[in-house]
Amino acid sequence: MRLDPWVLATIAAMAAVTYLNRAGGYWLFRAFSPPPLVRELQAYVPGALFVSYVVPKLVGGGAQEWAGAAATMAAMAWTGNLAVAIVAGAGAAWAVWALA
């Protein structure tokens, strides 16, 4: 197997851009203090991103996706433990897949 220099350069460039993107965000929030409203809104970003990933898959999905989502929500409501909810959702999705 031969190492292509273009592939190596592309990987290095993507790593640099990713690093600069993260470092730039940290630098920006150290240099400029956002107002309280912006800080409050930031608390909602992770949930909104998660919903934006899950909803399209559920809308286009079938029984396996819906069973996994339902089991995840039920386990989280019942136990409050994220690890248990993930295992329950994956197990329910797998069970539907195995039975189909």
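Read-outs throughout are calculated quantities, based only on the coordinates presented, and are distinct from any laboratory measurement. In this text the structure is predicted, and so the values were computed from the model without any measurement. Neighbour counts are summed over all protein chains in view; Cβ atoms, including those assigned to glycine, are modelled from backbone coordinates with ideal geometry.
Provide Rg over Rh for region 47-100; use the alpha carbon set for both Rg and the Kirkwood Rh (inverse mean inverse pair distance).
0.99
I'd like the FRET efficiency for Tyr19 and Trp78, computed as 1/(1 + (r/R0)^6) with the beta carbon distance as r and R0 of 30 Å, rounded to 0.05.
Calculated value: 0.15.
So if each residue of separation counts as 0.36 nm, and I subtract the Cα-Cα distance between Arg2 and Ala98, what length gain in nm does that give?
30.5 nm
If R₀ is 30 angstrom, what is the calculated FRET efficiency for the pair Ala70 and Ala48, using the beta carbon separation as r and rounding to 0.05?
About 0.90, to the nearest 0.05.
Please report, in cubic angstrom per residue, the volume enclosed by the convex hull of the alpha-carbon atoms of the chain.
Convex hull of Cα atoms, per residue: 197 Å³.
Which angle between 0 and 90 degrees, to the nearest 10, do you get for helix 5-31 versus the longest principal axis of the chain when only C-alpha atoms count?
Relative to the chain, helix 5-31 is tipped by roughly 90 degrees.
How far, in nm, would the chain grow between Ile11 and Ser33 when pulled straight, counting 0.36 nm per residue and subtracting the alpha carbon separation?
So the extension gain works out to 4.6 nm.
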